[in-house]
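Take a look at the structure below.
The values are calculated or read from the model by the stated rules, or taken from the named source; none is laboratory data. Source: prediction; values computed, not measured. Every residue, glycine as well, gets a Cβ built from its backbone with ideal geometry; the counts of neighbours run over all protein chains shown. When the accessible area is computed, the model is the full protein with side chains, heavy atoms only, and any ligands, DNA or RNA have been set aside. Shrake-Rupley method; radii C 1.70, N 1.55, O 1.52, S 1.80 Å.
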Amino acid sequence: MSGVFMGMPSLPVFGDGNLHIDEPFPAAAHRELGNTQMRANLRHATHTIRDKRLKVVGELPDWEELRDAGAATKNQVMANLPALLEEFEKNFTARGGIIHWARDADEANRIVSDLIKEQETTEVVKVKSMATQEIGLNEYLEEQGISAFETDLAELIVQLGHDKPSHILVPAIHKNRTEVRDIFLAEMPNVDPNLTDEPRLLAMAAREHLRRKFLSAKVAVSGANFALADSGTLAVVESEGNGRMCLTLPETLITVMGIEKLLPAKEDLEVFMQLLPRSSTGERMNPYTSLWTGVTEGDGPQNVHLVMLDNGRTAALADKYGRTALNCIRCSACMNVCPVYERTGGHAYGSTYPGPIGAILSPLLTGIKSEENSSLPYASSLCGACYDACPVKINIPEILVHLRGEDVDSRRETKKLPSQMDLMMKGAQWAFSSGKNLGLLEKGLPLGKLAAGREKKIKRLPGIAAGWTQSRDIPAPPAQSFRDWWKKDHQPAAATTEQEK
Amino acid sequence: MSAKEEILSRITSALRDAPTAEPIPREYRTTSDMPQAELIELLVDRLEDYKAHVDVVDSARLAATIAERLKDATSFVVPHGINEDWLSEAAPANDARRRTDTPGAVLGIPELDSTDAVLTSSAVSIAESGTIVLDGTGDQGRRAISLVPDHHVCVVPVSTIVRLLPEALPRMDITRPLTWISGPSATSDIELERVEGVHGPRRLDVIIVKGL
Ligand code: SF4
């Protein structure tokens with residue numbers, strides 16, 4: 001291995017797969033905003049989960065201390081990633097697990113598909129995994145003649161509805177109960193035609209639908225929430241028991257996991273298993289967590305594989321201002337508190353990763369120059385609610401601003417002429433560099449008042465500033481600048497105060 | 001270059017600014033001195049919140065309570081290492097309702113699927129979050145037996161209850177297949193309304209035993 005380090009830093013290699021928005025965020029958001037049913041569903045859902053989260057977080061007197069420990073642990077992981085990966089591989093392999101490394105989405109898809117074919121089956125059951133969605137595994141398998149059945153209720157709703165997930169934890173958050181019932185009636189074979197929209201009955205219908213699949217599946221594909229380097233242990237956190245089914249009953253288990261999911265040691269679970277359930281579903285603990293270390297004779301799958309995925313993660317790691325985005329534990333708290341997400345929904349972000357974390361993670365994984373992803377860092381009002389909610393304290397607003405800077409720089413590279421924005425900034429630099437310059441400029445204020453006319457509003461600014469006035473009016477500037485007013489009104493007063501001393 | 005070599009070389013290159021990370025501050029609670037009676041009360045409260053049924057009994061009443069909880073089951077599975085005394089009132093060794101899962105003579109999936117209930121012990125429980133941990137040892141059995149039957153009766157000896165997760169982890173053998181259970185299977189996927197009972201056991205009965 002050491003032979004490959006030539007002292008030449010290589011260029012970052014970006015990721016591919018379901019990470020791209022097809023159209024710029026503003027256009028996508030505009031369309032999604034028109035879906036009032038979706039907005040009502042989303043509002044209801046995000047508010048419910050927000051309140052639950054606040055309640056269970058408030059129960060813990062040491063929540064902030066847990067966040068500090070969580071953030072520091074993840075920073076440690078990123079700083080020591082090569083050593084931790086080696087340690088994990090050694091331990092996982094020693095217990096009978098087999099590790100595969102995948103540089104990108106394509107390579108990961110091929111590995112998984114070959115492993116399934118080795119088992120001579122054309123059906124697999126799947127438990128919720130962001131990574132396999134990111135690499136587009138289901139679509140790839142379909143091309144190979146393999147059917148992948150999503151078993152998480154929300155994923156099932158999305159899959160049956162030929163839809164896309166819109167939330168990382170509750171992918172069908174945009175559908176209400178009646179819409180779910182309609183999807184089940186239309187798409188589930190042998191469903192009771194009298195099915196009502198009561199959530200309990202809908203869940204029962206899903207149980208019936210999937211039970212045979214679980215009991216007969218030869219191969220399962222899963223994601224992983226955590227991987228412990230010091231023991232080679234993997235963990236999956238879930239609610240319904242579909243995870244336990246997939247991780248226990250089939251003979252072959254294939255897990256796909258990003259290389260950033262590592263934790264150094266067993267004791268780190270005590271932090272993350274307090275942070276994750278409370279931040280994500282707003283529960284003290286999720287109903288089921290499964291942990292396994294390679295193969296256990298006589299218990300569970302005897303053919304255990306793990307695909308370690310890069311797909312742009314190393315590129316994100318190379319960005320020293322953005323790399324903490326890799327600390328994300330996919331709890332979804334940031335999207336549940338985000339005012340932009342609440343209104344546009346997850347589909348507007350295009351990528352597998354929506355909401356505030358998606359707005360930084362997607363462009364970090366694909367590179368800011370990739371397609372329309374450069375519009376994602378602007379999908380935020382920088383209100384900071386995501387940072388406050390994040391259990392591992394990722395400073396999302398700061399990274400958004402950093403990526404906006406990257407975007408502007410990358411555009412400048414591609415254009416010879418300075419843009420209007422550059423000229424404006426140059427102008428501002430001149431104006432604010434000295435009081436005299438600013439004073440000179442302010443002499444023009446009455447002109448602005450004139451431009452505003454009798455309505456006292458400027459309705460259209462020229463050039464790129466037109467974007468600003470597209471949806472708002474600017475009040476007319478005052479006849480006199482603040483500095484002039486201060487000079488006239490306060491100079492004598494200030495002098496008086498001086499004398500009174 | 002193999003994929004592994006290439007990825008590790010990309011990482012090394014990405015970290016060429018040699019970031020250093022601060023040591024992990026562990027200022028959160030790692031110990032507690034909650035008296036046993038309060039521990040039990042807290043665990044019961046959490047489990048009931050998850051819609052589990054909970055009995056708190058003295059060890060002398062355990063066999064009778066197990067018999068009561070398994071009363072409606074037409075069949076149930078026990079792991080090979082279960083304490084036979086616990087079954088003295090529910091099912092003697094030759095009871096037709098009882099199916100024992102033994103290494104080398106395991107029950108098949110269809111057989112488990114046609115079994116109503118399962119009885120297991122547990123390794124450690126966390127009161128603050130209402131979590132019971134199974135570790136697959138003899139009195140808990142392999143994972144499939146506590147998953148496929150629809151009704152799980154789980155014994156929690158009081159000596160295995162702690163308050164905090166950081167107190168529980170040292171008691172777990174992390175390389176065993178572990179299942180952490182916090183209530184019966186549930187979903188909140190439809191309008192975030194919690195519904196108990198999807199794929200895992202829909203009924204969870206917990207028996208907390210004093211003096212064990
Ligand atoms: S960025 Fe933070 S809040 Fe958002 S999903 Fe990731 S861990 Fe959760």
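Before moving on, here are some points about what is shown:
- Number of residues in the range B:169-210 that are assigned to a strand (DSSP E or B) and among the hydroxyl-bearing types (S, T, Y): the value is 2.
- The number of residues in the range A:165-206 being farther than 18 Å from B:E196 by Cα, polar (S, T, N, Q) and either surrounded by fewer than 21 Cβ atoms within 10 Å (Cβ to Cβ) or within 11 Å of another protein chain (Cβ to nearest Cβ) (or both) comes to 4.
- Residue within the range A:101-108 that is over 28 Å from B:T20 (Cα atoms) and touching a Leu at 6+ places or on another chain (Cβ under 7 Å) present: yes
- Scanning the range A:246-275 for residues that are more than 9 Å from chain B (Cβ to nearest Cβ) and open to solvent by 10 Å² or more (accessible area, probe 1.4 Å), we see that the one that is farthest from B:P170 (Cα to Cα) is A:E251.
- Some residue of the range B:93-100 being surrounded by 21 or more Cβ atoms within 10 Å (Cβ to Cβ) and either in contact with a Gly (Cβ under 6 Å, 6 or more places away or on another chain) or not in a loop (DSSP other than H, G, I, E, B) (or both): no
- So B:T12, is it loosely packed, with under 12 Cβ neighbours inside 10 Å and either within 11 Å of another protein chain (Cβ to nearest Cβ) or farther than 30 Å from A:A72 by Cα (or both): no
- Qualifying residue in the range B:184-203 (condition: touching a residue at least 60 places away in the same chain (Cβ under 8 Å), closer than 30 Å to B:R26 by Cα, surrounded by 24 or more Cβ atoms within 10 Å (Cβ to Cβ) and facing chain A (nearest Cβ under 10 Å)): no
- Criterion violated by B:S125 - all others in (1) under 9 Å from the mean Cα position of the chain (by Cα); (2) open to solvent by 10 Å² or more (accessible area, probe 1.4 Å); (3) polar (S, T, N, Q) satisfied: (2)
- Contacts under 7 angstrom Cβ, first residue in the range A:110-124 being free of Cβ contacts under 8 Å to residues at least 40 places away in the same chain, partner part of a helix (DSSP H, G or I), 6 or more apart: A:S113/A:Y140; A:S113/A:L141
- Entry remark, the range A:288-301: residues being touching a strand residue (DSSP E or B) at 6+ places or on another chain (Cβ under 8 Å), more than 7 Å from chain B (Cβ to nearest Cβ) and open to solvent by 10 Å² or more (accessible area, probe 1.4 Å) number 1 in total.
- Checking the stated criteria, B:R61 turns out to be more than 10 Å from chain A (Cβ to nearest Cβ) and in a helix (DSSP H, G or I).
- Checked against (1) within 11 Å of chain B (Cβ to nearest Cβ); (2) modelled with pLDDT of 95 or more; (3) within 23 Å of the chain's Cα centre (by Cα), A:K320 meets all criteria but (2).
- Enumeration of residues in the range A:113-134 that are within 14 Å of chain B (Cβ to nearest Cβ) and of a type in the set (A, V, I, L, M, F, W, C): A:V125, A:V127
- Top-ranked residue of the range A:330-340 - restricted to ones that are over 13 Å from A:P397 (Cβ atoms) and surrounded by 24 or more Cβ atoms within 10 Å (Cβ to Cβ), ranked as farthest from the ligand (Cβ to nearest atom): A:N336
- Residue in the range B:118-126 that is under 26 Å from A:F226 (Cβ atoms), assigned to a loop (DSSP other than H, G, I, E, B) and facing chain A (nearest Cβ under 10 Å) present: no
- For the range B:31-54, taking the residues that are in a loop (DSSP other than H, G, I, E, B) and more than 8 Å from every other protein chain (Cβ to nearest Cβ), the one that is surrounded by the most Cβ atoms within 10 Å (Cβ to Cβ) is identified as B:A52.
- Among (1) without any contact (Cβ under 8 Å) to a residue 60 or more places away in the chain; (2) touching a Leu at 6+ places or on another chain (Cβ under 8 Å) - the single one A:F14 does not satisfy: (1)
- Annotation note: of A:E107, A:E87, the sole residue that is at pLDDT 95 or above, open to solvent by 40 Å² or more (accessible area, probe 1.4 Å) and closer than 25 Å to A:P301 by Cα is A:E87.
- Of the residues screened, A:L228 is one that is facing chain B (nearest Cβ under 8 Å) and either open to solvent by less than 10 Å² (accessible area, probe 1.4 Å) or touching a strand residue (DSSP E or B) at 6+ places or on another chain (Cβ under 9 Å) (or both).
- You will find that of A:M308, A:M285, the residue that is within 21 Å of A:A71 (Cα to Cα), at pLDDT 95 or above, more than 13 Å from the ligand (Cβ to nearest atom) and within 11 Å of another protein chain (Cβ to nearest Cβ) is A:M285 and no other.
- Inter-residue pairs, beta-carbon under 8 Å, first farther than 19 Å from A:G384 by Cβ and in the range A:338-358, second of a type in the set (D, E) and surrounded by fewer than 24 Cβ atoms within 10 Å (Cβ to Cβ), 6+ apart: A:G345/A:E32; A:H347/A:E32; A:A348/A:E32; A:G350/A:D22; A:G350/A:E23; A:G350/A:E372
- Test for B:T120: is it open to solvent by 20 Å² or more (accessible area, probe 1.4 Å) and among the hydroxyl-bearing types (S, T, Y): no
- Considering the conditions (1) open to solvent by 10 Å² or more (accessible area, probe 1.4 Å); (2) touching a residue at least 60 places away in the same chain (Cβ under 8 Å); (3) touching a His at 6+ places or on another chain (Cβ under 8 Å), B:G138 is excluded by exactly one of them, (2).
- Filtered residues of the range A:351-385 (kept if within 14 Å of the ligand (Cβ to nearest atom), among the hydroxyl-bearing types (S, T, Y) and assigned to a helix (DSSP H, G or I)): A:S362
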